[in-house]
Structure formats: C-alpha cells, structure tokens
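Below is one structure, written out as structure tokens, with a few remarks after it.
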Amino acid sequence: EMHFTKLQADSNYLLSKEYEDLKDVGRNQSCDIALLPENRGKNRYNNILPYDTTRVKLSNVDDDPCSDYINASYIPGNNFRREYIATQGPLPGTKDDFWKMAWEQNVHNVVMVTQCVEKGRVKCDHYWPFDQDSLYYGDLIVQMLSESVLPEWTIREFKISSEEQLDSSRLIRQFHYTVWPDHGVPETTQSLIQFVRTVRDYI
C-alpha cells in the first residue's frame, strides 16, 4: 500500500511511468510462428501475438505444420506454469480451433470480458450456439445446456463431445462479463470485483 501511495504522488507521475515501462515487456520474445504467412489470417490484430515459447499448440491435422497454430498463450498461476490460457476473440475461421483447444487442454471454465460487437465493430465472433440446438465445430459437438442472463454478466453451461468419443462428454462453463466499455475501463471496480468473486465461487 505504501508503494502504491508513492506511485500516486505528483498526479500519478510514477504510476504512469511504470505503466509506460510495461510497453517494452516481452519485446525480446519472438513471435515467428504467428507471423508465418499461413497463420497471419488467424490473428485478429497484428500487434497482439503469442510468443513462440508460450503459445498453445493444437494437435496437427494431416501433417500440416501450421495447423497447430492458434492465437493463444499459456499464463502462469499460483499452482502451475500453464494454469491459464489467454486467447483472442475467435474469428469466423478460428471458432473450430477455439473449441479444439478447449477440448485438448481440458478447459472447464471460459472467462470472456468483451462484447461480440462494440460500436458496430465485430470484436469477437459468436463462437457458441445461440440456443440449445447442438452445433458442430470441426469434429466437436457443442450444446448449450443453460444460460443465466444477469444485469452485468451472463453464465452459460455447455456440453462438449467429440465425434470420435460420443460416449465421453465434458461440461464447460462460460462467464461472460457484458459491461466492459470498448477502449476503456469500467467506471467503478465494484462490478468487476463481484464478477471475479462469482467466477471464483464456481471454480
């Protein structure tokens, strides 16, 4: 707390300086795989790319060396080096890859903090079924079991199964925070803190 108080002195000068210093973090990390011509179209933004050393790799398809690429990175947590995965909002052509990653990495919870469309621009393709009818995403079948719409977030539960293992299905819960403003931050932290608590209560 003393450190933060010190950063706030002189109209947050040190705080803004510390923030600016973050821009150089990771500059020495290579993103060569993300920049391959075959993979460029899988990136929503050309300046938000996974490092080669921490990117999530999908299983290869038909010996295609680029079929293992998805714009997603492992994030360390308190317990494991690969405890979390951060990924972009799926594109129309990467929705199948998103669900494949969720299946292969045995994901149980998805936290989403963007709107699919913000100020008329698509920020994330609608990568889940609109209703309870099952949809195919590549070789995976996804069915929405429930949807609980609250004022500031929505909780959805999905059943996911593989065409190759129909007798084995898994549940994935999606926590969708629906009031994060485009190019900004929430006016107060109360809503976001409550959302985080809700997510933690489930996991």
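Whether any residue in region 116-123 is assigned to a loop (DSSP other than H, G, I, E, B), out of contact with any helix residue (DSSP H, G or I) (no Cβ under 9 Å at 6 or more places or on another chain), in contact (Cβ under 8 Å) with a residue 40 or more places away in the chain and within 23 Å of ILE85 (Cα to Cα) is what I want to check.
Checked region 116-123: at least one residue is assigned to a loop (DSSP other than H, G, I, E, B), out of contact with any helix residue (DSSP H, G or I) (no Cβ under 9 Å at 6 or more places or on another chain), in contact (Cβ under 8 Å) with a residue 40 or more places away in the chain and within 23 Å of ILE85 (Cα to Cα).
Do the conditions hold for LEU140, that is, is it assigned by the TED database to the domain that holds ASP97, of a type outside the set (S, T, N, Q), closer than 23 Å to TYR84 by Cα and touching a Phe, Trp or Tyr at 6+ places or on another chain (Cβ under 9 Å)?
The answer is yes for LEU140.
Mind checking which residues of region 49-74 are among the aliphatic types (A, V, I, L, M) and at pLDDT below 95?
Result: VAL61, single match.
The values are calculated or read from the model by the stated rules, or taken from the named source; none is laboratory data. All values derive from a computational prediction rather than experimental measurement. Here Cβ is always computed from backbone atoms with ideal geometry, including for glycine, and neighbour counts include all displayed protein chains.
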